[in-house]
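**Q** The structure under discussion is supplied below as structure tokens; questions concerning it will follow.
Where a number appears in this text, it was derived from the coordinates with a stated rule and is not lab data. Bear in mind that the values here come from a model prediction, so they are computed numbers and not experimental data. No Cβ is skipped: glycine too gets one built from the backbone with ideal geometry, and neighbour counts run over all protein chains shown.
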Amino acid sequence: MKYQVVGVLVAVLTASMAQTVFAAPVEVSACYERAGRDYGIDPDLLLSIGIQESRLNNKAINKGSYDYCQMQVNQIHTDELKDFGINLKELTHQPCTCIYSGTWVLAKFFQRYGRSWNTVGMYNAGVKNSPVPNRNRANYARSIRGIYTVIKMEKKEGGEKSLALFNDNKTHK
């Protein structure tokens, strides 16, 4: 019974993520590809972060922690982004600007702390070394790794063809 529940959960999660991934406009997918190439980060990892953070909603704003756009770029990065001529309006109105900004944040963490799932967790939970942030970082990294694994599995098994089945925008009851 336990394995059946897990199997159903994986199937539902896969369908939900598949719908999110393939509902993304082609130009947004191209932005993930270009940002990944330019920063040397797997575009599927970046896409996984976008899915986890906002389900690829570029208008997403978290007013509790002041995170913006589909990559949920935190306001602590806005001063540095201003040096590049990027403001909050551009983050939420220009998906590629958002994706590149989020990729830049992750690349900075990778450069400083090395490439690891723990560092991926820093994207969401910060770098503070204490029990609560450490737990949040591990949980976030686990979520991203799960999404990333599903994306990779689907691509390997026929990807867009099989995932397209979930992108029919029909309501099921």
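**Q** Taking neighbour counts of Cβ atoms within 10 Å as a proxy for exposure, in what order, fewest first, do 69, 96 appear?
**A** The most exposed by this proxy come first: 96, 69.
**Q** Could you tell me which of the pairs 59/128; 63/128; 89/155; 63/156; 82/128 are separated by over 31 angstrom between their Cα atoms in the structure shown?
**A** Table pairs above 31 Å Cα-Cα are 89/155; 63/156.
**Q** Turning to a different aspect of this structure: Would you mind ranking 97, 78, 149, 92 so that the residue whose beta carbon has the fewest other beta carbons within 10 Å leads the list? Present the calculation step by step, with values, prior to reporting the outcome.
**A** Details: 97 23, 78 16, 149 12, 92 19.
Arranged by neighbour count, lowest to highest, 97, 78, 149, 92 become 149, 78, 92, 97.
**Q** Would you kindly derive the ³J(HN,Hα) couplings of the range 139-146 from the backbone phi angles with the Karplus curve 6.51 cos²θ - 1.76 cosθ + 1.60 (θ = phi - 60°), listing them in order in whole Hz, with x for Gly and Pro?
**A** Calculated HN-Hα couplings, in order: 5, 5, 4, 5, 5, 5, 4, x Hz.
**Q** Would you list 132, 150, 127 from fewest to most Cβ contacts within 10 Å?
**A** Going from sparsest to densest Cβ surroundings: 132, 127, 150.
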